[in-house]
Amino acid sequence: GSCPQKTGEILSSQYGINLFLAGLVLTFAWAVHAVGISKSHLLSYLITLMLIQLLWMLWYLCRSCTQRRLIREKDTHAGARWLKCGITLFAVITLILDSFKIGYYVDFSNCLSAAEGIFPVTHAIHTILQVYFLWCHAKDIIQSFKTLERFGVIHSVFTNLLLWTNGVLTESKHQLNEHKERLITLGFGNITIVLDDHAPQCNCTTTTLCSIFSQGIYYLYPFNIEYHILASTMLYVLWKNIGRKVEHHQQHKTAFKFHGITVGMIFGLIVLISTIAKVVVYLIQIGRSKNKSELALTMFYLHAISVLALMCTAGIVALLIYRLEDRSLDNSKNPARKLDAELLVGTAAGSWLLSWGSILAIICAQAHPKYTWYNLPYSILVIVEKYIQNLFIIESIHRKEEKVNDDIKTLRIVTISRGSTLSLTPSYKEIYNGRAARDDGELPYLLNGGICARENDTAKEEEASQAHCPAMHSASEFSFYSRNSVTNNKRRILKNIAAFLFLCNLSLWIPPAFGCRPEYDNGLEEIVFGFEPWIIVVNLAMPFSIFYRMHSAASLFEVNCKT
């Protein structure tokens, strides 16, 4: 049975790759104004892919409804509730983006192709059905029609990747159109590249609405980009789970709790609020004049250096705590966890590439404006911080959860006073959870690993036990409370660190996602590497860098729930 399964994986993966490459070439041809290729051709291709995926999802949903009485295997690690809530939020904003595109098409309908009007409508339907599909079936382990399902799921994966690519390209072209004007204000007037944003060649019917739609679209694109990359990762896990044999074991439910993470949340919120303020000031000041642009870049670098230094410190403290603990790692097969680790390292390479490019540019440049020197510690900290954070997250998601021995859970410590009065102390489980239960009338006991006394024992046995129980109770109680206190303190510190890093990663996602990109505006890299080569590098690496921050935030949320 393993040979047909492997063959199905190979055939479906090759189909998906070729589907993606064909769309990628078509996207590139439109971007460079290839002869005979227009935007309508690209959109028609994407519409066709979405319609095929819609038909497959409807077929799968109908088949699932007819077989709902059957017991289906589930991957408890896939499709976490917080991940579904996140993708739903991004999907809602994507639907707003689609409505803006429909309004934009209506205003420019005289000179836009029909495909540009059909695309947002199809995309909205595709988004609604796909989110419903992921909510209901992201955990499925498909065991029937496996070959057909592999092709359907992998088609969905690469359809979302192409929609992500299309969103990244459109948003990047908009950023580049503003980039040249900013460079001119910084004194880089020798850059003469003319950029084209494929603007409609006709007048808008309603000028005010057109302005709202055209500007609003580009502020919503970051959420659309995150939506499609999250959908593709969830679908990829579903594809990897097809035909998989699952070990049946109890899955401990984890929930996010604000209790005990006040310090991490406070510092994280301070970083988040200051980042939002920084982005607003940066976007207002950059490009106004040379002096204002330099001040905006200096402000960006100083703030980012401070945040990254704090994140490095927090990550090192967390890793030191892990080194002090002796807990084994969970090496069981888990496609979702494996994908998380691979995405962390793979997408971090995007920002590492940009950082090394900036470092090399600073070293090789002949002239160094004052603000460019802040770029050196910033670039170094970006590399170090991601290195430390990746190690912390990957180790956290691979650590086995603490389990209390079932035999120990049932034990109680009993203090027998001289007056034959029995005093019941908390159980180990209650101590472990920081709670003291009331006396329920049961009097189990513990004395040096054996029985100390029972309520119905003879008087002689009680007198013999009374001579030993107080001392043993005192030592055992101290040992349990001491161990519990140390464990809880470590856990509290780790939860605060995870909460702080979670908010910091959300904060660092905001600037590049909404146009605050010093890699574009610094100007030094363009002089050393050339305008076109550096812009190509930035356009390729920046989407991965942006996705890294959102994926890290999602992973840290999971770490906080597990800790």
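Bear in mind these aren't lab numbers, they're just calculated from the coordinates by the rules spelled out. These figures come from a predicted structure and were not determined experimentally. Quick reminder, even Gly has a Cβ in these numbers, built from the backbone with ideal geometry, and neighbours come from all protein chains shown.
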Descending packing, highest mean Cβ count within 10 Å first, for 366-373, 545-552 is 545-552, 366-373
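Net charge around Q14, counting only other residues with Cβ within less than 15 Å of its Cβ (Lys, Arg = +1; Asp, Glu = -1)?
So the surrounding residues net to +1.
Between beta-carbons, use under 13 Å as the cut-off and find the net charge around W164, counting Lys and Arg +1, Asp and Glu -1. Present the calculation step by step, with values, prior to reporting the outcome.
Details: positive: none; negative: E171, E226.
Counting the neighbours of W164, the net charge comes to -2.
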Greater than 24 Å apart at Cα, pairs in K139/K562; K6/K386; K39/K101; K84/K338; K292/K370; K84/K490: K6/K386; K84/K490
